[in-house]
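The values are calculated or read from the model by the stated rules, or taken from the named source; none is laboratory data. Fair warning: this is a prediction, and the values are worked out from it, not measured in the lab. Cβ placement follows ideal geometry from the backbone for every residue including glycine, while neighbour counts extend to all protein chains displayed. The area values use the complete protein model at the heavy-atom level, side chains included, leaving out ligands, DNA and RNA. Shrake-Rupley method; radii C 1.70, N 1.55, O 1.52, S 1.80 Å.
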Amino acid sequence: MEILLEGVGYSYAENTPFEKRALTDVNLHIPSGSYTAIIGHTGSGKSTVLQHLNALLKPTEGVVMIGERKIEAGVKAKDLRSIRRQVGIVFQFPEQQLFDETVLKDIMFGPLNFGVPEEEAERRARELVVQLGLPDEVLEKSPFDLSGGQMRRVAIAGVLAMEPKVLVLDEPTAGLDPRGRREIMDLFHELHVTKNLTTVLVTHSMEDAARYADRVAIMHKGRCMVTGEPKEIFSNEEQLGDYRLQAPRSIRLQRDFEERTGLKLESISLTEETLAKNIALALAEEGRGSL
Amino acid sequence: MNSGILSFENVTFTYNAEDEKVRPAVANVSFSIQQGEWIALVGHNGSGKSTIAKLMNGLLFPGEGNVKVMGQAMTEETLWEIRSQMGMVFQNPDNQFVGATVQDDVAFALENNGVPHEIMVERVHEALSQVKMEDYKDHEPHHLSGGQKQRVAIAGALAMRPKLLILDEATSMLDPQGRTEVIETIRRLRESTGLTVISITHDLEEAALAERIIVMNQGRKHVEGSPTDVFKRGNELTEMGLDLPFAMRMTHLLQEAGVNLQEEHMTDDELVDELWKFYSKA
């Protein structure tokens, strides 16, 4: 499902003395089926944009198109439920939103609320628990007896149980250990592919944006400054610096290596694995490296 | 054994101790931290490191064994005295503010402890300058960036002149810049004051700066040593859910790709140096 922001402006507490502008003339196209990373410094407006993607916030200027639905500044929008069902948001620290007696009930809550029959809701919950790598027994446990990493997975299952077409992820791995982080990010990527999702990832991690996304948008001071392919965005270190961002570590190391040796690697290395291969290749071509 | 500034002696702790099926969160853990050290306590989610933090400041008491701070066993009686000697900074920067301005916030604990006004003003000023936040003394804490908030939280702890500063995942919710700011602050503090620091973290880049690392795994102390010694264990750490510093990961990936690197590298510079030597070996 496609999402389009056209000339979107947003002010918190509009028409009060506390009015604070968060977004100015944001134009952002999220094509159906894309994996878009939204990056930007703290306070750049990333989270405010995110809340427009399922009409949690309505623009104070401009238009947001969510699939066929049009959310327009100054026009009262009806039936936002159908939007919320199709665009699922995994907020930061989603485990703080768990509340039900058992994991099963917690995961079923969303679908039931949207009129999914009980049997179907339960089927989804059971399937998701397996998919998210949780043991079956957790279904009957209280979510509050689980470890932090497990709670995070249950909360994510709750969003996936709505079977959204668009999945919006706000720093979904914050606070997890490195393995947990990688597992969850790999899982989202797999879901993106197998369920034909449109995925939007809001992140501080340039490494995750480079590894998983096929499009990157940079937010800065409430505006969307540039969008493009990861290779394009991350090879322009000067531009990243202007927006107080850094290239992923693999690209910075590639630059150091190239400056030091005078060699030019085949392509921009978006991941550590690609960088290792590219360096090995360049050294082999020069007849060096392996003894 | 010299018990140093803080020590754990065969400490075991179980949540729901009456339920026999429950595995202890911390099992028979011993270590000792000397005055002036910077220690990193690392481990995956659920390894027991947060429980250890709670045992350190008396939010929990050991089921077996002893926690000693400056030679005194942690008990309900000694708890308050011990706490006055240690500063703690927690994970979520938004959950630890009480003051309306940065300086009010830093002064809060001093005021609570009845420190005279003149001394308070001096201490607040000193603490804020140690974390380089003097220019923000009249700002509202909520309008600061994550990194700045954590620096103010550190100043709040420093104003009490603690013997020991404990950072419980203090950088894990910050963006990369905020993380760098906080780590830089700790480094400067260590240089200027020699304060004893315990950082509880799963960021091994942060742990690499400490003098000694204690690795926790499934409630037990897995290994203890200098960063170089600990990181030599490579895959053993990754299997535990931890990660190696970037330069070491790259070294391993390059070796797998057939580049015959001879050494383990902790920094990008060292790694690029060795690669350059390969290249120049015409």
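Brief remarks follow.
For (1) under 27 Å from B:GLY219 (Cβ atoms); (2) open to solvent by 20 Å² or more (accessible area, probe 1.4 Å); (3) modelled with pLDDT under 90, each residue gets a yes or a no:
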{"residue": "B:MET56", "(1), (2), (3)": "yes, no, no"}
{"residue": "B:GLU64", "(1), (2), (3)": "yes, yes, no"}
{"residue": "B:LYS68", "(1), (2), (3)": "yes, yes, no"}
{"residue": "B:SER84", "(1), (2), (3)": "no, yes, yes"}
{"residue": "B:PRO93", "(1), (2), (3)": "no, no, yes"}
{"residue": "B:VAL102", "(1), (2), (3)": "no, no, no"}
{"residue": "B:GLY114", "(1), (2), (3)": "no, yes, yes"}
{"residue": "B:GLU122", "(1), (2), (3)": "no, yes, no"}
{"residue": "B:HIS125", "(1), (2), (3)": "no, yes, no"}
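- The residue list A:LEU253, A:LEU245, A:LEU263, A:LEU281 contains one member that is open to solvent by 60 Å² or more (accessible area, probe 1.4 Å) and either at the interface with chain B (Cβ under 9 Å from one of its Cβ atoms) or modelled with pLDDT under 95 (or both), which is A:LEU281.
- Residues being part of a loop (DSSP other than H, G, I, E, B) and either crowded, with 20+ Cβ neighbours inside 10 Å or more than 7 Å from chain A (Cβ to nearest Cβ) (or both) - total across region B:244-282: 11
- Criterion (among the charged types (D, E, K, R), out of contact with any Lys or Arg (no Cβ under 9 Å at 6 or more places or on another chain) and over 26 Å from B:GLY147 (Cβ atoms)) met by exactly one of B:LYS68, B:LYS49: B:LYS68
- A:PRO172 being part of a loop (DSSP other than H, G, I, E, B), open to solvent by less than 30 Å² (accessible area, probe 1.4 Å), away from chain B (no Cβ under 14 Å) and of a type outside the set (Asp, Glu): no
- Of all residues in region B:246-278, those that are within 12 Å of B:PHE231 (Cβ to Cβ) and of a type in the set (A, V, I, L, M) total 3.
- Residues in region A:186-215 that are within 13 Å of another protein chain (Cβ to nearest Cβ) and either farther than 24 Å from A:SER235 by Cα or open to solvent by less than 40 Å² (accessible area, probe 1.4 Å) (or both): A:VAL202, A:THR203, A:SER205, A:MET206, A:ASP208, A:ALA209.
This table checks each residue for (1) touching a Phe, Trp or Tyr at 6+ places or on another chain (Cβ under 6 Å); (2) modelled with pLDDT under 90; (3) open to solvent by 20 Å² or more (accessible area, probe 1.4 Å).
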position	(1), (2), (3)
A:ARG81	no, yes, yes
A:VAL87	no, no, no
A:VAL90	no, no, no
A:GLU120	no, no, yes
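- Within region A:216-234, being out of contact with any strand residue (DSSP E or B) (no Cβ under 6 Å at 6 or more places or on another chain) and surrounded by fewer than 23 Cβ atoms within 10 Å (Cβ to Cβ) holds for A:HIS220, A:LYS221, A:GLY228, A:GLU229, A:LYS231, A:GLU232.
- Within region A:1-51, considering residues that are polar (S, T, N, Q) and open to solvent by less than 40 Å² (accessible area, probe 1.4 Å), the one nearest to A:HIS220 (Cα to Cα): A:SER44
- Region B:209-243, residues that are among the aliphatic types (A, V, I, L, M) and more than 14 Å from chain A (Cβ to nearest Cβ): B:LEU209, B:ALA210, B:ILE213, B:ILE214, B:VAL223, B:VAL230
- Those strands (runs of 3 or more DSSP E) of region B:1-118 in which 3 or more residues are closer than 30 Å to A:ARG152 by Cα and over 19 Å from the mean Cα position of the chain (by Cα) occupy B:6-13.
- Looking across region B:186-233, the residues that are among the polar types (S, T, N, Q), within 20 Å of B:SER30 (Cβ to Cβ) and open to solvent by 10 Å² or more (accessible area, probe 1.4 Å) come down to B:ASN217, B:GLN218, B:SER226.
- Every pair of residues 6+ apart whose Cβ atoms lie under 8 Å, when the first sits in region B:3-21 and is open to solvent by less than 70 Å² (accessible area, probe 1.4 Å) while the second is hydroxyl-bearing (Ser, Thr, Tyr) and in a loop (DSSP other than H, G, I, E, B): B:GLU9/B:SER3
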